[in-house]
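To start, the structure itself, in structure tokens.
The values are calculated or read from the model by the stated rules, or taken from the named source; none is laboratory data. Everything quoted here is computed from the prediction, not taken from an experiment. Cβ placement follows ideal geometry from the backbone for every residue including glycine, while neighbour counts extend to all protein chains displayed.
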Amino acid sequence: MKPSRQSARRNPGLAIALVLFLSALPGAIAFADETPRDVKVEQRSVQDNDLNSLRFLRANRDFLRTRLDRLLQRPDPAGRGEADLLDNRHLLLRSIMAEIDAARDSVRSENIALERRELLDSIDHLAKLDSQLTLMDRLLDDQEGRLRVIDEDLRGNQNTALIILLKGLPPDFEPEAIHIDESGGPSLRVSLAVETRAALRRGGIAQIYHEYVEPREHELRIGLGGRGEISFLVDTPLDQLSFLQLDLAHVVDSGDLNGIRARVWQD
Amino acid sequence: MFYRHTTLAMLVALTLASAAPLGAEEAPFTAGQGLALASSAAKAWAADAKLVYLENDEDLDGDGAAARWGYLFHSQAKERSRAYSLDRNEIRQAQDLEFDFPAPPVSTEWLDSSRALALAEEKAGRDYRVEHGGRLSTMLLSRGLFHQADPDLSTWTIVFSSASAPSLFMLLDAEKGRVVRTWEG
């Protein structure tokens, strides 16, 4: 009798349990979470600062700087200074405006012709009227096309942004300001006036930050004027508005900020 | 015996099925494919940010693709440059350049790295690799740095290296793909 075969036969549930365990291994497909989620506090670097980047540039820095210096110092034959490349969007918008002006002139002249019309029952006049209406239709279609181009251009320039909200404050805690720092990024200090603190205690929400940000993970360090500091990792996906809500209701004092609850979501 | 082998096969199959696609974030991509993400980050950093330089941050394959590219933007208003190192899906590193580099912006239209490499291979790159046992080591996009006779020309600089011969540098017009010059060094 072989013990292993007998074990498997006596315990089919073991195989099922093993299958379920393997299915739950890290790397299993995670479903997108669309609901607000609590943010875990972690102490790790958000960026791979040891990654090598722009290796050729850094290895040949002196050579390239010398070439750049010569480039920047070259004389301009016309003496007007160095010209910048025109933004393609600027050129596109200028050409669209020129087309709009031309179409507007066409509409104006056709309107004048219509106002001078005397005999509408004449077949000739009716034929001309029909062709003028056709022209108007074409001009309107062209205008719609231009608006579509502008709309698509604007939609293609959406940016990534972050809004930071505050809520909650315990009765005996009076922080006068909140500090939010990011290494290699902006440093923010927002005063919390007496009225703001009172509103937070009554259930109000205060928006303290709304800016465009880089679409990446950010490590934000929060302080409330004391020795305490706490970090949160916030991912701001590309072309989305991200919200970070900080709930201060369980903070005891500025030296211990572990009571701050953070939630992140995207709109 | 049959039951044991069947169970083992199921376990292996389930392990493979449950594993995430290996190195999804390490899949190589061309320089143009990462531009939108890098540009979006740069615009958040500075409204007047312009792309002035890019190069491969990981080794290149035969299609001009790399697992990571570095994009350098310069802001005249901030008088600083900021570099983004991207893999296929995300920004792996964002940091200000540690030295002053107010390079002119590259043109808004340029051939992607795949096309630029194909042209370079056709002209001299392939022959160099075959003759000297060399390999493609660097592709970088810039304006004016390597061809001061035409300082407004954006160019791909493509470098092939070999242990047994000087490196081959090829300079291509980044818009039209014409080989501007080649040299060894």
Problem set entry | Residue check for B:Leu171: in contact with a Lys or Arg (Cβ under 6 Å, 6 or more places away or on another chain) and within 14 Å of another protein chain (Cβ to nearest Cβ) | yes
Problem set entry | Hey, B:Ala116 under 21 Å from B:Asp152 (Cα atoms) and at pLDDT 95 or above or not | yes
For this session: Considering only the stretch B:31-45, state which residues are crowded, with 19+ Cβ neighbours inside 10 Å and facing chain A (nearest Cβ under 10 Å).
Result: B:Leu37, B:Ala38, B:Ser40, B:Ala41, B:Ala42, B:Ala44, B:Trp45
For this session: Using the structure shown, decide if B:Ser81 is assigned to a strand (DSSP E or B) and more than 18 Å from the chain's Cα centre (by Cα).
Result: yes
Exercise. Can you name the condition, by its number, that B:Asp127 falls short on among (1) in contact (Cβ under 8 Å) with a residue 12 or more places away in the chain; (2) surrounded by fewer than 23 Cβ atoms within 10 Å (Cβ to Cβ)?
Worked result: (1)
Exercise. Only one residue in B:Leu60, B:Leu86, B:Leu111, B:Leu72 is more than 13 Å from chain A (Cβ to nearest Cβ) and within 28 Å of B:Ser167 (Cβ to Cβ), so which one is that?
Worked result: B:Leu111
For this session: Scan the stretch A:191-205 and give yes if some residue there is within 14 Å of chain B (Cβ to nearest Cβ) and assigned to a strand (DSSP E or B), otherwise no.
Result: no
Exercise. Which of the residues that make up the stretch A:59-79 are in a helix (DSSP H, G or I), at the interface with chain B (Cβ under 9 Å from one of its Cβ atoms) and modelled with pLDDT under 90?
Worked result: A:Arg70, A:Leu71, A:Leu72
Exercise. Looking at A:Gly156, is it modelled with pLDDT under 90, more than 22 Å from A:Gly226 (Cβ to Cβ) and touching a strand residue (DSSP E or B) at 6+ places or on another chain (Cβ under 7 Å)?
Worked result: no
For this session: Could you identify the single residue in A:Arg227, A:Arg216, A:Arg201, A:Arg261 that is basic (Lys, Arg) and crowded, with 18+ Cβ neighbours inside 10 Å?
Result: A:Arg216
Exercise. Is at least one residue of the stretch B:46-54 in a strand (DSSP E or B), out of contact with any Pro (no Cβ under 8 Å at 6 or more places or on another chain), within 9 Å of chain A (Cβ to nearest Cβ) and buried (at least 17 other Cβ atoms within 10 Å of the Cβ)?
Worked result: yes
Exercise. Among the listed residues A:Ser183, A:Ser242, which satisfies the condition of being hydroxyl-bearing (Ser, Thr, Tyr) and at pLDDT below 90?
Worked result: A:Ser183
Problem set entry | Selection from the stretch B:128-140 of residues that are more than 11 Å from chain A (Cβ to nearest Cβ) and touching a helix residue (DSSP H, G or I) at 6+ places or on another chain (Cβ under 9 Å) | B:Arg129, B:Gly134, B:Arg135, B:Leu136
Exercise. What number goes with the only condition from (1) modelled with pLDDT of 95 or more; (2) assigned to a strand (DSSP E or B); (3) surrounded by fewer than 24 Cβ atoms within 10 Å (Cβ to Cβ) that B:Tyr71 does not pass?
Worked result: (3)
Exercise. Which one is modelled with the lowest pLDDT among residues in the stretch A:110-125 that are more than 51 Å from the chain's Cα centre (by Cα) and surrounded by 10 or more Cβ atoms within 10 Å (Cβ to Cβ)?
Worked result: A:Arg117
Problem set entry | Which numbered condition A:Arg189 fails, given (1) more than 17 Å from A:Leu244 (Cβ to Cβ); (2) of a type in the set (Lys, Arg); (3) exposed (fewer than 15 other Cβ atoms within 10 Å of the Cβ) | (1)
For this session: Pull up the stretch A:230-258, narrow it to residues that are farther than 22 Å from A:Ser183 by Cα and over 28 Å from the mean Cα position of the chain (by Cα), then point me to the one that is surrounded by the most Cβ atoms within 10 Å (Cβ to Cβ).
Result: A:Val251
